[in-house]
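Colleague: Would you mind keeping the following structure in view while I ask a few things?
What follows is calculated from the coordinates using simple rules that are stated; it is not laboratory data. Note that this is a predicted model, so its numbers are computed, not measured. Note: ideal-geometry Cβ built from the backbone for every residue, glycine included; neighbour counts use all protein chains shown.
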Amino acid sequence: MLNEKRPAEGLISKTLYVCISLDLQPTKSKMPTSCLRDTQYELKKCLAEQGVEFVLDELERRLRRSRTSIFNDLALLKAKYLNAKKAFVIQGTIEYRGEFDIVANRTREGLLVLIDALTEADLRPPDEDIPLIQALRRLPIDLDKATEPLYLVNCDRVDAKKTYSSARRQKIGAPLQFFLVQACPEQMPHSFAERLIREEVKKLESDPDAQVYFKPNGPERILIQGLTVESGGAEETLDTFKSDFSRANADFFRSNYSHAAFAFALHETNWDDSLPECLDEILAWQRNLCGKSRRLFAFFLVVYIKNFDKPEALTSRQVAIREQLEAFARRTGDIVTAISLKIPGEEPGESARTPAQPIALLHPVPQDEVEKWLHRIAQDGHAPNYREILDQFDRYIEETNPARYRKNGPYDMRDVQELQKMVRQVAQEQAQS
C-alpha cells in the first residue's frame, strides 16, 4: 500500500497578529444532561480530529439562531479565522502562515471555551435542522466513500479532467509537469487542484514503492500556498518564491519520496506585468530542482480571476492577465498545461488556447452533475431521494446566495462543496452512532 507521508505543520512567524480575544462567560445552568455532555464530547473530538473549520461549520449548524449572544461569539470567531486564512492564501508568505497559525490556535482555544459554555437551550434538536440536512439524513450514504476527503472535492469538472488526463498521457514519464489552473474564485479552482492531487495519490496506492509528498492543511485538506509578488520585479519575486518554497517544504528535501505535488495560488489583485518573466524562471528552477532530486514533480499554479467563466463581464485588465498566462502556457507547452479555456466545438482534452469566445473549463456545475455525484455517494449506487435533495439544495442556495442563484442550476462550485460538506457531516454522525 502507498505510504502516504504527511509532513508536520506549524511554521514560526516573526510577525505578530491582532488575534481574537474572547470574553465568553459560561451560562449558569443545571448540570449538563447526558445528551449535552455527549454533544460537547463529540464537538471536542471533532476539533481534535477534523480541525477548526469543521467545528465552526458544525456549531453554526447546531446552534439556535435565537441564542444571539453565543451565536455572535461564534460569528466573531469564524470571521477572524476566515479573514486570517484569506490573507494567507492571497499573500502566501511564511510570515502570513505564522500569523494564520496564531489565529487558528486562538480560534481553537475560543471554541473550547464556547463548547464548555453550551447549554441545552443553545442547541437545535435534530428535527429543527434545515430541510436540506433533513433530506440528507434520509439518503442511504455509503459511509466508506463519504468519509474520504476526496469526496469533498470530486463533483463534475468533466472537460477539465479530460484536459488534465490527456496532458498526463502525452507527457507520461516527464519528471516535471506544470498545470496552470485559471478560474473564478466561486468555482473553487484550488479545490480542483486538490482533487487532482488526491486522485493521483489514489492511483499510486497499488505501487508499494510509491511515496507521495504533499503539504497538508489540517487533517483532511491539502495546502495551497500563496505566491508572493514583490514590487521589485521578477528577480525579487523569484528569490522570495525560492525562499518560501524551500522553507515550507524543507522536510521534503530530507526525505525519500518518489513523487511530489506542490500547489500555489495567486489572486488577480496581486498580478504584476513582470510575472510572465518570473513564471519562466520558476519553471526553469523547478525543472532543475526536479532533475537534481530525481523524483517526479507535479506543480499546480491556481490563478483566481473574478467572473472568469463570464467573458462578457471581464475587464480589459483581466483579459490581459488571461492572455499573458495563455501565452506562457503555449511557449512552455512541453511542460505546462493550461486547464483554463476550451475552444467552442473543440474535443475535450485538446490543449486550450484563447479563442474569440472562450469557454471556461471550470464553470458552474449543472444540476445533473450534482445528481450523478449523489448517486455515486449513495449505497448501491442509487440515491432514491435525489429529487428531494436537489429541490432542497436549490432552495438553500436561493436563501443563502441569492445574488448568484439560478433556479435548478447551474450552481457555483462553492455552493456544491457546501452540499458535499453537509453530506460528510451527516455521514460522520452516522458512522459514530
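Colleague: Taking the Cα centre of each part, how many Å lie between the stretch 355-433 and the stretch 271-313?
Modeller: Here the answer is 30 Å between Cα centres.
Colleague: Return the lysines within reach of K306: Cα separation strictly under 17 angstrom, same-chain partners fewer than 8 residues apart disregarded; answer none if there are no such residues.
Modeller: In chain and number order, the partners are K86.
Colleague: Right, something else. For the pair E42/K421, report the inter-label distance in nm, with labels modelled 7 Å from Cα in the Cβ direction.
Modeller: 1.8 nm
Colleague: For the stretch 360-366, just list the computed ³J(HN,Hα) in residue order, Karplus coefficients 6.51, -1.76 and 1.60, θ = phi - 60°, integers in Hz, with x standing in for Gly and Pro.
Modeller: For the stretch 360-366, the Karplus curve yields 6, 5, 9, 10, x, 8, x Hz.
Colleague: So if R0 is 35 Å, what FRET efficiency would S166 and K372 give, r being the distance between their Cβ atoms, rounded to the nearest 0.05? Mind showing how you got there, number by number?
Modeller: Working: r = 21 Å, r/R0 = 0.61.
Working from the Cβ atoms, E equals 0.95.
Colleague: Quick query: amide H of A265 versus all other amide H atoms, modeled in the peptide plane; which residues come in under 5 Å with a sequence gap of 5 or more or a different chain?
Modeller: For A265, whose amide H was placed from the backbone, the distant partners under 5 Å are Q225, G226, L227, V302.
Colleague: Give K85/K171; K85/K242; K78/K310; K44/K203; K161/K292 a once-over and call out the pairs whose C-alpha atoms are over 32 Å from each other. Could you put the intermediate results ahead of the total?
Modeller: On the way: K85/K171 35 Å; K85/K242 22 Å; K78/K310 30 Å; K44/K203 34 Å; K161/K292 30 Å.
Listed pairs above 32 Å: K85/K171; K44/K203.
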